[in-house]
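Structure, as structure tokens:
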Amino acid sequence: MKDFLNRVLLLVVPYIGYLFIKLLEKTMRISYINFVSIWKDWQEGKKCILAFWHGRLSMMPLMYRGYGITVLVSQHRDGELISRTVKRFNIESVRGSSTRGWLSGVKGLLKAAKSGRDLAITPDGPKGPRCKVQSGIINIAKATGLPIVPVAFSASKKKP
């Protein structure tokens, strides 16, 4: 029974997450700040590594306007939910993190970069410390030659 419930959760939760993000998108006015140069780079076919904090993950699928991206996602169960949710936004994922499966994650990112995809990484890692860059993203940038582009998402109440 537990196995059945886990399978149902893996089918239902990503779909609800996708719908929730799309609903939020309809209720927001989104402003892109300082994105002109990255959009120009994407139009010219240049690739990069997008870096954003773990705490800003949920709305990141809405900001990507490139032509193919692969995100590094943990191998934990919540990582599977994230992976399945972002798949609905046509975002590929590779699994691995500094705590589990790091080698497969690195190999997956290198393969994705070699095939001409942008990469997305949360540089503060699953163990933290929160909002402090760990060395993994720097090593990936060195190995791929791709620039790191920090991105963020923020929201506030509408001013009267």
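The values are calculated or read from the model by the stated rules, or taken from the named source; none is laboratory data. This is a predicted model, so every value here is computed, not measured. With ideal geometry, Cβ positions are generated from the backbone for all residues, glycine too; neighbour counts draw on all protein chains shown.
Tell me the residue from Lys46, Lys87, Lys26 that is basic (Lys, Arg), surrounded by fewer than 20 Cβ atoms within 10 Å (Cβ to Cβ) and under 22 Å from Lys142 (Cβ atoms), please.
Lys46
Taking the stretch 124-160 as the range and being modelled with pLDDT of 85 or more, small (Gly, Ala, Ser) and crowded, with 16+ Cβ neighbours inside 10 Å as the test, the residues that pass are Gly136, Ala141.
Out of all the residues in the stretch 1-59, which are of a type in the set (Asp, Glu) and more than 30 Å from Ser135 (Cβ to Cβ)?
Of all residues in the stretch 1-59, those of a type in the set (Asp, Glu) come to 3, 25, 41, 44.
Residues satisfying the conditions are Asp3, Glu25.
Of the residues Ala112, Ala120, which is in a helix (DSSP H, G or I) and under 15 Å from Lys47 (Cα atoms)? Full working, then the answer.
On the way: Ala120 fails: in a helix (DSSP H, G or I).
Going through Ala112, Ala120 in turn, just one is in a helix (DSSP H, G or I) and under 15 Å from Lys47 (Cα atoms): Ala112.
Yes or no, residue by residue, for (1) assigned to a helix (DSSP H, G or I); (2) among the small types (Gly, Ala, Ser):
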| position | (1), (2) |
| --- | --- |
| Ile82 | yes, no |
| Lys132 | no, no |
| Ala152 | no, yes |
| Lys157 | no, no |
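The condition (being touching a helix residue (DSSP H, G or I) at 6+ places or on another chain (Cβ under 7 Å), among the charged types (D, E, K, R) and over 19 Å from Val149 (Cβ atoms)) is satisfied by just one residue among Arg77, Arg29, Arg95: Arg95. Number of residues in the stretch 112-160 that are over 17 Å from the mean Cα position of the chain (by Cα) and of a type in the set (A, V, I, L, M) equals 2. Take the conditions closer than 15 Å to Leu146 by Cβ, touching a helix residue (DSSP H, G or I) at 6+ places or on another chain (Cβ under 7 Å) and either crowded, with 18+ Cβ neighbours inside 10 Å or without any contact (Cβ under 8 Å) to a residue 24 or more places away in the chain (or both) and apply them to Ala112. Does it pass? No: the conditions fail for Ala112. Yes or no: the stretch 25-39 includes at least one residue that is in a helix (DSSP H, G or I), within 18 Å of Ile121 (Cα to Cα) and either touching a Phe, Trp or Tyr at 6+ places or on another chain (Cβ under 9 Å) or modelled with pLDDT of 90 or more (or both). The answer is yes; a qualifying residue exists.
Can we say Ser58 is over 17 Å from Val149 (Cβ atoms), under 10 Å from the mean Cα position of the chain (by Cα) and surrounded by fewer than 18 Cβ atoms within 10 Å (Cβ to Cβ)? Considered against the rule, which asks whether it is over 17 Å from Val149 (Cβ atoms), under 10 Å from the mean Cα position of the chain (by Cα) and surrounded by fewer than 18 Cβ atoms within 10 Å (Cβ to Cβ), Ser58 comes out as yes.
Taking the conditions exactly as written (closer than 25 Å to Ile38 by Cβ, in a strand (DSSP E or B) and either touching a residue at least 24 places away in the same chain (Cβ under 8 Å) or not charged (D, E, K, R) (or both)), does Val94 satisfy them or not?
It is true that Val94 is closer than 25 Å to Ile38 by Cβ, in a strand (DSSP E or B) and either touching a residue at least 24 places away in the same chain (Cβ under 8 Å) or not charged (D, E, K, R) (or both).
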